[in-house]
């Protein structure tokens, strides 16, 4: 495992993310989604994700289902499932995301729709 100080982070139009822990076949990130924003509608070929909501509440699309979840709840995203995180509230949404799979990298994001015109 790599030390947290050496791991990636990024600011995005919807908020920001930071890698907390990275090892063979897994990665743990903290996502902060700004009020009124959402991530792209996307899927991954090589990984599943488990979202643990630690602050706020959000709306989550997994396949054809839309779920609501708040702090203390979690949402599972199977590999290949179309998904999206949305923060319709007035407070920030904080998620600890556990990614598991054979290829844990930003290049495994296939965006279908994006509010910020990213490819």
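Rule-based calculations on the coordinates, nothing more; no lab input. In this text, all values refer to a predicted model and were calculated from it rather than measured experimentally. Neighbour counts are summed over all protein chains in view; Cβ atoms, including those assigned to glycine, are modelled from backbone coordinates with ideal geometry.
Yes or no, residue by residue, for (1) surrounded by 14 or more Cβ atoms within 10 Å (Cβ to Cβ); (2) in contact (Cβ under 8 Å) with a residue 60 or more places away in the chain; (3) closer than 24 Å to residue 118 by Cα; (4) out of contact with any strand residue (DSSP E or B) (no Cβ under 6 Å at 6 or more places or on another chain):
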| residue | (1), (2), (3), (4) |
| --- | --- |
| 8 | no, no, yes, no |
| 21 | yes, no, no, no |
| 28 | yes, yes, yes, no |
| 34 | yes, no, yes, no |
| 39 | yes, no, yes, no |
| 45 | no, yes, yes, yes |
| 62 | yes, no, yes, no |
| 75 | yes, no, no, no |
| 84 | yes, no, yes, no |
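What residue, among those in the range 89-111 that are exposed (fewer than 14 other Cβ atoms within 10 Å of the Cβ) and assigned to a loop (DSSP other than H, G, I, E, B), is nearest to the chain's Cα centre (by Cα)? Checking each candidate, the answer is 105. Looking for something within 11 Å of the chain's Cα centre (by Cα) and within 16 Å of residue 84 (Cβ to Cβ) - is there at least one such residue anywhere in the range 18-27? So far as the range 18-27 goes, no, none of its residues is within 11 Å of the chain's Cα centre (by Cα) and within 16 Å of residue 84 (Cβ to Cβ).
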